[in-house]
1. What are the pairs, 6+ residues apart or on separate chains, where a residue within region 170-197 that is more than 30 Å from residue 108 (Cα to Cα) has its Cβ under 7 Å from a residue that is of a type in the set (D, E, K, R)?
2. Based on what the data block shows, is residue 72 assigned to a loop (DSSP other than H, G, I, E, B), at pLDDT 95 or above and assigned by TED's automatic domain parsing to the domain that holds residue 187?
3. For region 84-107, which residues satisfy the criterion of being touching a residue at least 60 places away in the same chain (Cβ under 8 Å) and either among the basic types (Lys, Arg) or in contact with a strand residue (DSSP E or B) (Cβ under 7 Å, 6 or more places away or on another chain) (or both)?
4. Just one of 254, 194, 227 is closer than 30 Å to residue 45 by Cβ and modelled with pLDDT under 95; which is it?
Amino acid sequence: MFLALSLIAINKALSMTNPALQSSAELISTFSLDSGSQEVQVWRAFLDQPSLDIARLFELLSDDEQVRARRFRFRRDYVRYIAARAMLRTILGRYLDITPSRLKFLYGARGKPSLAQECGGESVRFNLSHSQGVALLGITRQVEIGIDIEFIREDFATIEIAQHFFSSGEIAALRTLPADARARGFFNCWTRKEAFIKARGEGLSLPLDKFEVSLLPGEPAELFRTEFDPEEANRWVLRDLSLDDHYVGALAVERRPPFIPFCQSNESP
């Protein structure tokens with residue numbers, strides 16, 4: 001047995017809104033995690049597609065989500081937010097056999113969302129991230145999960161910014177990289193850190209320089225150590241998400257005892 005990681009691409013207008021794809025047995029079969037499953041399923045959606053019916057997707061959102069959507073000043077951000085939240089609701093609704101608009105979310109002290117108990121909150125765990133026009137949604141059972149995606153920005157990936165957020169070991173590792181690999185290394189580090197703090201549900205209340213992750217391109221994602229608990233690194237698994245040359249993604253999942261190693265596969269419905 002192994003803990004499987006499936007990356008499921010949604011390559012059309014949030015395929016769950018496309019009637020032709022809704023009837024696809026191949027797609028519907030992926031909306032399943034058995035009660036004893038050790039699988040992590042990661043959904044990817046592209047949010048900037050002209051064919052998206054934003055008015056229809058808006059109706060899936062809760063009142064508070066609709067209020068937040070209306071606060072965006074720019075149409076692009078408004079559309080992306082609605083598409084990402086609709087993706088979250090539609091996919092979770094498929095897993096749980098609940099109408100997307102009826103899903104209820106709770107939020108932790110630091111803002112981490114979870115499903116209300118009556119909607120499956122006791123067993124299903126999820127986390128959502130989006131950057132530019134791409135969103136990732138990670139879903140598993142029983143254990144905590146965090147996910148992050150970032151668009152690679154060369155202007156942001158500097159040693160000066162790293163010095164404000166990274167540990168001394170991470171900064172030293174970043175300095176070893178040639179200029180053409182530094183942005184990738186920077187965002188390897190950034191996404192792994194974000195995924196970890198999101199999984200823990202603490203947000204930036206946990207300073208990013210108080211724990212250390214791997215970052216060198218080609219090096220496996222790993223949580224090396226934390227300053228606050230010598231055993232914490234053993235409680236989590238970090239994994240890269242294979243995307244494309246413009247984005248970096250990372251996943252953090254709480255270990256299930258006994259630990260079973262990850263295996264990554266790709267599926268395209």
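The values are calculated or read from the model by the stated rules, or taken from the named source; none is laboratory data. Since this is a predicted model, take the numbers as computed values, not measurements. Cβ sites come from the backbone with ideal geometry, for glycine too, and all protein chains shown count toward neighbours.
1. What qualifies is 174/182; 183/154.
2. no
3. Of all residues in region 84-107, those touching a residue at least 60 places away in the same chain (Cβ under 8 Å) come to 86-87, 90-91, 94-95.
Selection gives 87, 91, 94, 95.
4. Working: 194 fails: modelled with pLDDT under 95; 227 fails: closer than 30 Å to residue 45 by Cβ.
The unique qualifying residue is 254.
Matching residues to (1) more than 12 Å from residue 139 (Cβ to Cβ); (2) at pLDDT 95 or above; (3) touching a Cys at 6+ places or on another chain (Cβ under 9 Å):
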| site | (1), (2), (3) |
| --- | --- |
| 81 | yes, yes, no |
| 87 | no, no, no |
| 91 | no, no, no |
| 94 | no, no, no |
| 97 | yes, no, no |
| 100 | yes, no, no |
| 107 | yes, no, no |
| 115 | no, no, no |
| 120 | no, no, no |
